[in-house]
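Worksheet for the structure shown next.
The values are calculated or read from the model by the stated rules, or taken from the named source; none is laboratory data. Just so it is clear, the model here is predicted, and its values are computed rather than measured. All Cβ positions, even for glycine, are placed from backbone atoms using ideal geometry, and neighbour counts span all protein chains on display.
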Amino acid sequence: MPVRQLPEQVVNRIAAGEVVERPASVVKELVENAIDAGASRIDVFTDGGGRRRIGITDDGSGMTAKDLSLAVDRHATSKLDDEDLLQIRTLGFRGEALPSIGSVARLSITTRNASEPHAWALSVEGGEKSEIMPAALAHGTRVEVNDLFYATPARLKFLKTDRTEAEAIREVVRRLAMARPDIAFTLAGEERAPVTWAAALPGAAGRLTRLGDILGAEFRSHAIEVHAERDGVVVAGYAAAPALTRANALGQYLFVNGRPVRDKLILGAVRAAYSDYLPRDRHPVLALFVTLDPREVDANVHPAKTEVRFRNAGLVRALIVHGLKEGLAREGRRTAANSGGSALSSFRSAFTPRPGNWDWRQSPSAPTAPLPSFEGTAAPAFAERVQAAFDVGAPTADVRIETQPVGDLVDRPLGAARTQIHETYIVSQTRDGLIIVDQHAAHERIVYERLKASLAKNGVQRQILLIPEIVEMDEATVERLLARGDELASFGLAIESFGPGAVAVRETPSLLGKADAGGLLRDLAEHMAEWDEALPLERRLMHVAATMACHGSVRAGRRLKPEEMNALLREMEETPNSGQCNHGRPTYVELKLADVEKLFGRR
């Protein structure tokens, strides 16, 4: 078959296959055009999930008649001053969106520039451009797309339900609205009630307001400001405390020079920054904005412009990790699930009072048989019988005011220890509430942070075992451990082969005390089975430290003395990230006195 030049309409439809994937792609391209035109308000309307109608109205600069005629031609753009594709400061720059949309749908554009006496209108149907006609419009641009993919019916078969397509459009508008809090957005359609996001004030406060409007009040209450800057690269935004997580990474919104992206480098950096705070199956919620010189990033590596390539990817990754870790450490106390809301919601009133004079004998739980008469019964005997009904056993440890002076401890962030219950939880009193501490989780974080600090300073101190401990395992597990022997040795765990299927443990970290070497090695082997060479050494070492910390911490079920409980609370106050253990579980829950009073109807 000879080589031939494709007709213009076919070329446009091929381009539309890359640019116009679904109705949400159309909305993205048209809203980006409105943003580039300097709009301060953008209204989006859809019908039928966008396949029947899409309408975008903005109050931007608009176009002259000459510009409008060129705008629907391929590769015609007003967003490049020259041919330098490394100096892109706008969201659009290829000049493909409008001709691509016009080749597969019925496109109409009405626009007015301030220099024109009136507006102008133009339509494109299946790639056929009409004449420019005078029209009525106060200012800005209005674009309507009807019967999407009518010229390429095969593409309609690949669209999902109207509801699904409408949700994809909503997600596109949400991301663009996050990137530009200074612009007011309205999203309406038959599939949903209208949603309006008002323009916010400039600066970090305005950004948080917009993020709160979109992601919800829960995100706003958990948000931690993130900022890091070096060599002209700025990482800013807000990240939720580890108390607010999702089961997937869809709650992570990333932007590069105002462009929403899904970049693997950034997602990997976020995962690394939260590795000390969250379980493996949970993901943080955040919105990060990376700003840098356009010459340092290539936005032209993906047809939909959803991926970018950094010239100095290592610097960007390091800044993201540093900014997130610094913010999480700064707001250490907020990183725990300290809000009493989740704890309070688990409480239920013991009874529901009835209107009027309530008689407890009418309760469903009241005995049906006549109650015995206590007439003539001696008061002491009655008191003993009543007290026996409430005798449910003493706490594991008791730290009463009379036996344990508290002084100013109640003014400390974690208060003064009062008791230990179930040999697992420490209950402390603060000036305005109470705190329940999981002693194992709390001490696990303390040991973990000590291990990290010791490794960074001068290495982990070791203790030589008088008699090496022999741990038997299958040969594959033994080989896996011995292959990582140097990494384990950096944490003070010295092992060597002891024949097939066995390992000899000769040294253990001093911080762990008398550790169960067998259990520790088996847990480490399970973690190592999931590693690959792509996992950075730092991450692998932190996995080792986390596992060791778990084995070296105070176990649940151990009875603590009053001074031990208070000492643990004081260490928590001095330890970074003590709000949760290194598996992501909260180490304590705080209940304000006002919340407790609400449970008893005092407020």
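How many residues are of a type in the set (Phe, Trp, Tyr), part of a strand (DSSP E or B) and modelled with pLDDT under 90 when one looks only at the stretch 261-309?
Matching residues across the stretch 261-309 total 0.
I want to confirm something. Restricting to the stretch 185-210 and keeping residues that are touching a helix residue (DSSP H, G or I) at 6+ places or on another chain (Cβ under 6 Å) and at pLDDT 90 or above, which single residue is farthest from ALA239 (Cα to Cα)?
For the stretch 185-210, the residue satisfying everything is LEU187.
Here are the criteria: (1) in a helix (DSSP H, G or I); (2) at pLDDT 95 or above. Tell me which single one ARG220 does not satisfy.
Failing condition for ARG220: (2).
Wholly within the stretch 378-476, which strands (runs of 3 or more DSSP E) include no fewer than the required count, namely at least 2 residues that are under 34 Å from the mean Cα position of the chain (by Cα) and modelled with pLDDT of 85 or more?
Result: 416-421, 425-430, 433-438.
Applying the selection to the stretch 192-206, what residues are touching a strand residue (DSSP E or B) at 6+ places or on another chain (Cβ under 7 Å) and crowded, with 19+ Cβ neighbours inside 10 Å?
TRP197
All but one of (1) closer than 20 Å to GLU526 by Cβ; (2) in contact with a helix residue (DSSP H, G or I) (Cβ under 7 Å, 6 or more places away or on another chain) hold for LYS452, so report the exception by its number.
All conditions pass for LYS452, except number (1).
Under the condition of being polar (S, T, N, Q) and outside any helix (DSSP H, G or I), which residue from the stretch 477-500 is nearest to LEU278 (Cα to Cα)?
So the residue we want is SER490.
In this structure, does LYS452 turn out to be within 24 Å of PRO576 (Cα to Cα), among the charged types (D, E, K, R), without any contact (Cβ under 8 Å) to a residue 24 or more places away in the chain and assigned by TED's automatic domain parsing to the domain that holds SER578?
Criteria not met by LYS452.
Where residues in the stretch 105-148 are of a type in the set (A, V, I, L, M, F, W, C) and not in a strand (DSSP E or B), which of them is farthest from the chain's Cα centre (by Cα)?
Going through the qualifying residues, I end up with ILE132.
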